[in-house]
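The next block holds one structure in the form of structure tokens; read it before the comments.
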Amino acid sequence: MRLRGLIFAGMLLCVCGCSTIMPYVPGYTQDPPELELGRTLAGYGRVNAWAIDKDTLIKDIRACDRYGVDIYPIEFLSGAEYSPYGNQAAMKKTEECYKAAIKECRARGMWLFVSFANSNTGSGKYGDKKIPLSKMGDLINWGIDVVKKEGPDNVLFQPIGETGGSFNSSLEARLVNEFGPRGFKLVNNHGSRPNHKPGWAKWNAWHPWKVTDNVPRDQIIVSDTSTIIQQLCYGLEGKGKPDTAKAWAKDLKNKGVPAVVFYHFKYPSHDEPTIRAMGEAVK
């Protein structure tokens, strides 16, 4: 059941008096804020470790809601221990966590930013197990079914992160055809820093190298390169630096980008100070 507009506003006034704060309403879908130029949404997510522990994931999303962070990004296929790679237990856990994440985001009027697969899979970098996406057909089919089954509401869907290579480009095209007609809002990240937006995409995502990069104003900015991750965190896989994150996000808010997203790489624990910093930066 979806709550919208004046009907829901009237319900809130009845329940909450003059308050305009959106309450948590289990079982309902609240629309997330639209992405638009000149009004910046903040994002934060433990993108590779999001499905290690469901309780920590829920704690993250609820803190995002509390501090005004409207986007939670995940790398879907690298959900459990950085990638299920066909492991049945990890796949089950990933599906369980995905259902929990989308339920929480919908009830709180947030976006779940789903990067389905990553072009770096198989590269051997950062603990990758050197299995390319071209060898992961069963896992890809399973993932498509899981995401489809939960539907498009409150989902920003990026088919491939940093798309490159013939197989990954063909997989991107397949995912566009699978999810676009079903109402998913699609995000393009071809080549990591795309310089044009394809017709199928609602938005581009763009990955800066440094906090000082002159980023394009009309794209979702995601801190998904090793250099900027280490500027924003204590090491590549470390805790976030709230003051640095806040200054970076605030600078991009002043530029008017539609969204600035903190990509917390392989970090397994809840990091409330960083979440809070991202929310405060866009107020």
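Residues that are in contact with a Pro (Cβ under 9 Å, 6 or more places away or on another chain) and in a helix (DSSP H, G or I) within segment 253-274 comprise Pro273, Thr274, listed in sequence order.
When segment 122-161 is examined, which residues are found to be in contact with a Lys or Arg (Cβ under 9 Å, 6 or more places away or on another chain) and part of a loop (DSSP other than H, G, I, E, B)? Across segment 122-161, the qualifying residues are Gly122, Ser123, Gly124, Gly151, Pro152, Asp153, Asn154. Cys105 fails exactly one of the following numbered conditions: (1) closer than 29 Å to Ser166 by Cα; (2) buried (at least 22 other Cβ atoms within 10 Å of the Cβ); (3) in contact (Cβ under 8 Å) with a residue 60 or more places away in the chain. What is the number of that condition? Failing condition for Cys105: (1). Can you name every residue in segment 209-230 that is within 30 Å of Pro198 (Cβ to Cβ) and assigned to a helix (DSSP H, G or I)? Answer for segment 209-230, where residues must be within 30 Å of Pro198 (Cβ to Cβ) and assigned to a helix (DSSP H, G or I): Ser226, Thr227, Ile228, Ile229. Restricting attention to segment 46-67, which residues are crowded, with 24+ Cβ neighbours inside 10 Å and either touching a Leu at 6+ places or on another chain (Cβ under 9 Å) or modelled with pLDDT under 95 (or both)? Within segment 46-67, Arg46, Asn48, Ala49, Trp50, Ala51, Ile61 qualify.
The values are calculated or read from the model by the stated rules, or taken from the named source; none is laboratory data. Bear in mind that the values here come from a model prediction, so they are computed numbers and not experimental data. Here Cβ is always computed from backbone atoms with ideal geometry, including for glycine, and neighbour counts include all displayed protein chains.
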